[in-house]
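Single-structure report; data block below.
Each reported figure results from applying straightforward, stated rules to the coordinates on display, with no laboratory input. All values reported here derive from a predicted model rather than from experimental measurement. Positions of Cβ are backbone-derived with ideal geometry, glycine not excepted, and every protein chain shown enters the neighbour counts.
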Amino acid sequence: MNLKNIEHIGIAVQNLEESLKFYQDILGLEFLKQETVESQGVKIAFLKVGESKIELLEPLNEKSTIARFINKNGQGIHHFAILVDSIEDKIKAMQAQGARLIGDKVTVGADNMKIIFIHPKTTNGVLLELCEPLAKEEK
C-alpha cells in the first residue's frame with residue numbers, strides 16, 4: 001500500500017492554449033498530451049516535470065467544478081495527486097483513520113487513472129487526489 005510519488009499538480013486555468021504558452025514555451029516543460037474528460041467538465045493538458053506532471057485544467061462549461069473553483073478563487077493550484085499501488089486499500093486505511101472522501105467511489109479520470117479526491121477538511125485545506133493506473137483489462 002505504498003505511496004509512490006507525486007503524480008501531478010493540477011492547475012485551474014481559464015484558457016488552456018494561453019497557459020500552455022507559458023509552461024511549454026517560456027518554462028520549457030515537455031508537452032505530453034491533451035484530452036477532454038466530459039464527465040468532469042474539463043479539457044486537460046499534461047506537461048512533464050521530472051518524474052511528475054503538471055495538469056492544466058480548463059473548464060468546459062460554467063457547471064464544471066473547475067469553473068466554480070476559478071470563479072471563487074481565481075486561477076491557480078487546484079489539487080495535487082499522489083500515485084498509489086492500490087487505491088482501494090489506501091482509501092480503506094485512510095477512512096479507518098477518519099479521512100473524508102469527495103464522492104463515494106473510485107472513478108476513472110484523465111490519463112487512464114482510477115481516482116478519488118480526499119476532502120480538504122481532512123487535509124488542512126488542500127485538495128488531494130489519489131490515483132492508480134487502470135489495469136490493461138480495465139481500459
**Prompt:** If Lys48 passes every condition in (1) free of Cβ contacts under 8 Å to residues at least 24 places away in the same chain; (2) more than 16 Å from the chain's Cα centre (by Cα) but one, which one does it miss?
**Reply:** (2)
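Listed residues Ala93, Ala135; which is hydrophobic (A, V, I, L, M, F, W, C) and without any contact (Cβ under 8 Å) to a residue 12 or more places away in the chain?
Values: Ala93 fails: without any contact (Cβ under 8 Å) to a residue 12 or more places away in the chain.
Residue meeting the stated conditions: Ala135.
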**Asked** Would you pick out the residues in region 10-33 that are surrounded by 12 or more Cβ atoms within 10 Å (Cβ to Cβ) and within 18 Å of Cys131 (Cβ to Cβ)?
**Response** Gly10, Ile11, Ala12, Leu32
**Message:** I'd like the full set of residues that are loosely packed, with under 14 Cβ neighbours inside 10 Å and not hydrophobic (A, V, I, L, M, F, W, C), limited to region 51-85.
**Reply:** Glu51, Asn61, Glu62, Lys63, Asn71, Lys72, Asn73, Gly74, Gly76, Asp85
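So which strands (runs of 3 or more DSSP E) stay within region 28-139 end to end and still have 2 or more residues that are more than 20 Å from Asn2 (Cα to Cα)?
Of the strands (runs of 3 or more DSSP E) lying wholly inside region 28-139, those with at least 2 residues that are more than 20 Å from Asn2 (Cα to Cα) span 30-37, 42-49, 52-59, 76-84, 101-109.
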**Fill in**
In region 1-27, residues that are outside any loop (DSSP other than H, G, I, E, B) and touching a residue at least 12 places away in the same chain (Cβ under 8 Å) total 15
**Asked** With (1) within 25 Å of Glu51 (Cβ to Cβ); (2) surrounded by 11 or more Cβ atoms within 10 Å (Cβ to Cβ) as the list, and Ala135 as the residue in question, which single condition is left unmet?
**Response** (2)
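For region 28-45, give me each residue that is of a type in the set (Gly, Ala, Ser) and either out of contact with any helix residue (DSSP H, G or I) (no Cβ under 8 Å at 6 or more places or on another chain) or touching a residue at least 40 places away in the same chain (Cβ under 8 Å) (or both).
Step one: of region 28-45, the residues of a type in the set (Gly, Ala, Ser) are 28, 39, 41, 45.
Of everything in region 28-45, those that are of a type in the set (Gly, Ala, Ser) and either out of contact with any helix residue (DSSP H, G or I) (no Cβ under 8 Å at 6 or more places or on another chain) or touching a residue at least 40 places away in the same chain (Cβ under 8 Å) (or both) turn out to be Gly28, Ser39.
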**Prompt:** Based on what the data block shows, is Lys105 among the basic types (Lys, Arg), more than 10 Å from the chain's Cα centre (by Cα) and exposed (fewer than 12 other Cβ atoms within 10 Å of the Cβ)?
**Reply:** yes
